[in-house]
Structure formats: C-alpha cells, structure tokens
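We did not get these values from a lab; they are worked out from the coordinates using the rules stated. All figures in this text were calculated on a predicted structure; none of them were measured in a lab. Reconstructed Cβ throughout: ideal geometry from the backbone, glycine too, with neighbour counts over all protein chains shown.
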Amino acid sequence: MRAAVLTEFGAPLTVREVPDPEPVGGEVLVEVLATCVLPYAAEVFGGVRKYPLVPPVVPGMGGVGRVVRSGPDATRLRAGDLVWCDPTVRSRDDALTPDIALQGWSSRGEGGAALARHLHDGSFAELMRVPTENVFPLPPAAGDDPARWAALAVHTVPYGGLLAGELRPGETLLVSGATGNFGSSAVAVGVAMGAGRVVVPGRNRDALALLSERFGPRVRPVTLTGEESADRAAMTAAADGPIDMVIDLLPPSAPSSAARAAAMTVREYGRVVLMGGVGMLGGDDLALPYPWIMRNSITVRGQWMAPRTAGVGIIRLIASGALDLAPERVRSFPLEAVDDAVTHAAAHAGPFERTALTPRTG
C-alpha cells in the first residue's frame, strides 16, 4: 500500500510503498477514504510540539473508511461497512486507569508508549489496522462526502469535554478559545447539545462575527483586551446570567491569564473543564485561587480526548442534523499532495475550516 511517512522531524513527509498492515486478534483492517489534517500538524512534524512520535511513522488522527476485514471478536462489523476510526486507543488490561495513546499521533506515559509501539501507524495511508472497539459504523450518507465527515477528529474532542462537564440543555456555556479550530467546534457541539447560551470570547473580530452569524442570538461574543479583570467582567456581563460551565480549549501559545479569566466566570457550584494546551510550551501555571475554588464549590476537571461512548454520541448528533457539517469549508488533497495539505491546514486554522487527506476514493 501507499502511505505518507514521517522519516524525521523537520523533513517533508515521504509518500512511498510500505507493507500492508496485518491485523491480529481484536483488530480491524480499514481502507482509509479520508482523514483530517489538523491545523497544528506542521508543528508536530516540525518538532515544535514535542510529541512522542517515533519516526519512521505514518501519522494521522483517525479517519473515515471501509472495513476490509474484521476479527472473530467482531460480531456486527462486516467487510464493506462504512466506519469512523477513533484514534484514542486504551489498554485493555486496566479498567480503572487504562493507558492511552493516540494512534499515529501521541501517547501518555510508559504504558501509552507501549501502545504506540504496537499501533504505531495512523491514517495517512491507504490501509490502517484499528482496535475493534475503536471502529464505529457511519450512516450511508457519510459515504457521499467522507472528507467532510473526517471532521469527527475535531468534533469528538470538545464533545468529550462537554460530556465530562455534564452540560445540560438550557445551560450557559463559556468556550475559552472559541475562535480556534477546536474551540469553534465546541461552540457548534454545545449548541447541538442544547446549550441555552454560549459565551464566545476572542480577539479575532471576524471569527466572532462568523460564530454569531452561524448560531444567532444564542451565541454571545466578547472581544478580549488582554486585561484579566476587564475581560472577566465583560464575559460575565455577556452571559446575562450565571455561567454554568466553562470549557477551555486555548492553544499552547495562549497565556495562563486568559484561561484563568475565563475559568473564574463560572457560577457557584459551576464546572470548569480543561482541554487546551496552556503551559505546554512553558509559561506561568494556571494558578486558580484555592479560596475561590473551595468557597464556591467549583469543580475543576482535566479531560484528554473523549470516552469510547462519545463516538456513538457525536455520530448521532451529526446524523440527526443537530450538528450540521454543511457550512464547514473543506479542502481535500490526494495522498501524493500530503505536504501541501499540511501547509494548507496551518494556513486555514480558523472556525470550521477543514483540511482532508483522501488516500483512497470511492
């Protein structure tokens, strides 16, 4: 099969023939129709983000494809089924604290590194092997535009955070980092899940206007100044009532003060979910005040990726029309143009801009 290989950090990806993957028990072989190229992929491949990838490696975060072959533990999957492949792989030998790896992308700790060695390669290839439990059937309509449905790689992340924060219909949600690729997805998913209001702070006025235009009066934009107390007051005022939940999806380049200003808008007994990259490139700690957390009974939770059941839920949201993929701007590239795709993704990192790689078509 053909695959795009990262031979070393800082070098272009190389498209070449590699051996077909050979699934073992508990795995499925999938033909990759489309996979999302994330906006920060260039930073990962360039070594700016110190991800624990070990070259040579076929990168790629999940994808849409068709089942080629499934193992004896699969009772419902059949060859030819259209599926979404979730990249979040969990160890099977510890139900309480499973190790985690993002297939073809990243990992956590020694156990995660072991998983990554076994499931080393991702979706920038014509074929990939995937754990059986990571394969989710898609509706037939997804086959008409698999590149658009490859945005599941983005939407599943904030969906996992909103599930962790137990967002309820009618509640007011604040999305910190709302004008970014993942943050704008959180706005769309929050609206789809029934949020009554969504406060969307940011500095990019065009992006804020786009969010307001798409979702109407349920979205409350706030133009940030960078002055922590003033921004906190503006976000609180925009909510026109208590803020029930804050989800943070700010990138590593954002200062901790921006995350703190947003987090501290949440009401007494409110919830704060941290999913972004603040601090990953250095800088100050988040430093939420102990008395504020304790006296206001605030729940602060970190969440990396999404639980397994999130795959079913996010697909249902899209299939029902509650989460509409039609307005998203999708640009597709063939496998041979993988480096062009990575460059395009970096230059188009705004709300609802998607870059897809299509190793196979049809």
* To the nearest 0.05, what FRET efficiency results for Ala337 and Arg76 with a Förster distance of 41 Å applied to their C-beta separation? -> 0.70
* Asked: In nm, to one decimal, how far is the modelled label at Asp324 from the one at Thr7, with both set 7 Å along Cα→Cβ?
  -> 4.7 nm
* To do: Using only Cα atoms, locate the centre of segment 296-315 and the centre of segment 78-100, then give the distance between them in Å, rounded to an integer.
  => 16 Å
* Give the order of Phe45, Phe215, Phe124 when sorted by the count of other beta carbons within 10 angstrom, beginning with the fewest. => Phe215, Phe45, Phe124
* Structure fact -> With the label point 7 Å along the Cα-to-beta-carbon line of Thr299 and a cut-off under 19 Å to each amide N, the hits in segment 188-210 are 190-191, 193-197
* Sorted from largest down, what three extents in whole angstroms do the Cα atoms of segment 1-158 have along their principal axes? -> 41, 38, 34
* To do: Would you mind putting 345-355, 191-201 in packing order, based on average other-beta-carbon counts within 10 Å, highest first?
  => 191-201, 345-355
* Find how much the distance from Asp93 to Thr223 grows on full extension, using 0.36 nm per residue of separation minus their present alpha carbon separation; answer in nm with one decimal. => 42.1 nm
* Asked: Which value results for Rg/Rh of the chain when Rg is the Cα radius of gyration and Rh the Kirkwood radius based on the inverse mean 1/r?
  -> 0.97
* Could you pull out the GluC sites (Glu not before Pro) across segment 226-335 that fall in loop regions by DSSP (anything but H, G, I, E, B) with no more than 12 other Cβ atoms inside 10 Å? => Glu227
* Structure fact -> Rounded to the nearest 10 degrees, the helix 338-347 long axis (Cα) sits at an angle to the longest Cα principal axis of the chain of 10 degrees
* Structure fact -> Longest principal axis of the chain (C-alpha) makes with the long axis of helix 181-192 (C-alpha) an angle, in degrees to the nearest 10, of 80 degrees
* Asked: With no solvent and one point on each alpha carbon, what is the Debye value of log10 I(q)/I(0) for segment 71-160 at q = 0.14, 0.23 Å⁻¹?
  -> -0.56, -1.33
* Residue-averaged [θ]222 nm for the chain, counting only DSSP H segments that reach four residues, each worth -39500 (n - 2.57) -> -8000 deg cm²/dmol
* By per-residue mean of other Cβ atoms within 10 Å, what is the highest-first order of 144-150, 65-71, 202-208? -> 144-150, 65-71, 202-208
* When ranked by the protection proxy of mean other Cβ atoms within 10 Å per residue, highest first, what sequence do the peptides 79-91, 291-303 form? -> 79-91, 291-303
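What net charge is computed for the residues neighbouring Ala3, neighbours being all others with C-beta under 15 Å from the C-beta of Ala3, Lys and Arg scored +1, Asp and Glu -1? Write down the numbers at each step before the final one.
Numbers: positive: Arg2, Arg16, Arg129, Arg360; negative: Glu17, Asp20, Glu22, Glu31, Asp121, Glu126, Glu336, Asp339.
Charge balance near Ala3 sits at -4.
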* **Within-15-Å neighbourhood charge of Pro146 [Cβ basis; K, R +1; D, E -1]** => -1
* In degrees between 0 and 90, to the nearest 10, how far off the longest principal axis of the chain does helix 152-164 point, with axes built from Cα atoms? -> 50 degrees
* Using the Cα atoms of segment 207-315 to build a convex hull, what is its mean projected area in square nanometres? -> 8.3 nm²
* Asked: In the chain, what % of DSSP beta bridges are antiparallel (nearest 5)?
  -> 55 percent
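Can you give the net charge of the other residues whose Cβ lies under 11 Å from the Cβ of Asp240, counting K and R as +1 and D and E as -1?
After counting each charged neighbour, the total is +2.
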* Structure fact -> Relative contact order of segment 20-64 (C-alpha contacts under 8 Å, at least 6 apart) in percent is 49 percent
* Asked: Over segment 156-302, what relative contact order in percent results from Cα pairs under 8 Å that are six or more residues apart?
  -> 22 percent
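Report, please, the projected area of segment 259-312 averaged over directions, based on the convex hull of its C-alpha atoms, in nm². Please report the intermediate quantities before stating the final value.
Working: hull surface 19.2 nm².
The Cα convex hull of segment 259-312, projected and averaged over all directions, gives 4.8 nm².
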* **Cα-only Debye scattering, segment 95-137: base-10 log of I(q)/I(0) at q = 0.18, 0.32 Å⁻¹** => -0.54, -1.17
* Asked: Separation of segment 331-362 and segment 27-62 by C-alpha centroid, Å?
  -> 12 Å
